[in-house]
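A short worksheet on the structure shown next.
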Amino acid sequence: MVGLVVEMREKGMGLPELVEELLKYHRMDEHFSKGRILGSMCTEPHPVARAAHMLFIEANLGNPRLYRGTASMEKEVIGDLGRLMGLDEPAGYILSGGTEANITALYLAKKKTGGRYVVYPKSAHFSIQKAIKLLDLKPLPVELTEEYVMDVDHLRKRLEEVSPGRLAAAVAVAGSTELGTVDPVDEISSALPPGVPLHVDAAFGGFVLPFLPFRGKYNFEVDGVTSMTVDPHKMGLSTIPSGALLLRGFEDFKRIAVSSPYLTEPFAYTLAGTRASAAVAATWAVMNHLGREGYGRVVEECMENTRFLDRGMTELGFPHIIEPVINVLASGIADPEGLQRRLEDAGWYVSKVCKPPALRFVLMPHVKRRHLEEFLKDFEALIQT
Ligand code: PLP
């Protein structure tokens, strides 16, 4: 980011002027509550999450002995998330989001195996590319099937290109960013040589799939899965920054430990130093407030809205690329970029898929039926001009 050329003021701003200025900038931002953001994987935090966040605003989990309360909440959240993902006694941390969780997972895998090569589906989120660059790993992208999930036959071919000892990790996605697909995690696990860490990125799907009648296996119920990313700040309705990394046990974290002599704990195991306890408290609050039943209702409404928009787009001549698996809809369209721009001019924020060309919608909890009815009306008018 390039900074604006503004001098830091000598004298501070008075409160009324400050508030006015803040509101000016706040009005420049888009807000989920208007229901016009149709392509984001984040949403309005639940009110209990907001309240808990504010209560713990000064706490820093980078120094856990000062913040024993928030450290206890983090343990509870990691335990609950592990059980949601099919693991009774997980280890893990709440990090700044899916990107940090994925980078840490590959860092741990590299340290454990000494390997450099990473196999991952072409549908993987770009945070996997960040991890590969940062950790100086070697990418082995795997083609997708016609259903847009990792092609296990191609994975086998990729695996023949390197000796097992040179593999650092395999990555699978449960709830892909562009199409919401879920890779065949059990088949992927069976195709891997023994001992290769298998990381499942369920940053988005982790708070959706457990509440759907989804039959595929995608979590720690598959023996070969060694780590998972699950983000409370997406469908978990928590505040930003909150992304969980879950592991089968704590041992692996010791490989990335560094001594932290001036803090209250002798070792640090996370990439970030100072860590936002506030988002951990927010996650604890919303998970305990909603419970499985509450998340079930949230997901059901999102899926109903996904089907509603899918029907509407199909009637207008833009059928889905694949039947939505989760609350992500991709409607096939020849020029998604042009339409995306025109929609933005009309005040609607959707995103796009390049291959295959499609408009991409994420039906988050802030998107209500009335917003979609309005969107479909505007969209119909726009494609007729
Ligand atoms: N993994 C997946 C599947 C995602 O969809 C995303 C973001 O949308 C990420 C990782 C990265 O998460 P974050 O933006 O919280 O770092």
Open item on the list: Please give the Cα centre distance for region 37-106 versus region 189-258, rounded to the nearest Å.
Closed with: 14 Å
Open item on the list: Once R0 is set to 22 Å, what does the formula 1/(1 + (r/R0)^6) return for the Cβ-Cβ distance between Ser260 and Glu221, expressed as a FRET efficiency to the nearest 0.05?
Closed with: 0.05
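What does the charge count around Ser176 come to, taking other residues whose C-beta lies under 12 Å from its C-beta (Lys +1, Arg +1, Asp -1, Glu -1)?
-2
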- [ ] Please check which bits of region 1-15 a label hung off Glu21 would reach, taking the label as a point 7 Å along Cα-to-C-beta and the cut-off as backbone N under 18 Å.
- [x] 3-15
Task: DSSP-defined beta bridges in region 200-292 - what % are antiparallel, rounded to 5 - done: 75 percent
Open item on the list: Just to be sure I follow the rule: in region 12-165, considering lysines 8 or more places apart or on different chains, how many pairs have Cα atoms under 28 Å apart?
Closed with: 28
Task: Hydrodynamic radius of the chain per Kirkwood, over alpha carbon pairs, in Å - done: 22.1 Å
Task: Virtual spin-label span in nm between Val162 and Glu76, 7 Å along Cα→Cβ - done: 4.1 nm
TODO: DSSP loop (so not H, G, I, E, B), at most 11 other Cβ within 10 Å: list which chymotrypsin sites (Phe, Trp or Tyr not before Pro) in region 182-267 pass both filters.
DONE: Tyr262
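Throughout, read-outs are computed from the coordinates displayed, never taken from laboratory work. Predicted, not measured: the structure shown is a model, and the values here were computed from it. Methodologically, a virtual Cβ is constructed for each residue, glycine included, from the backbone with ideal geometry; neighbour enumeration extends over all protein chains shown.
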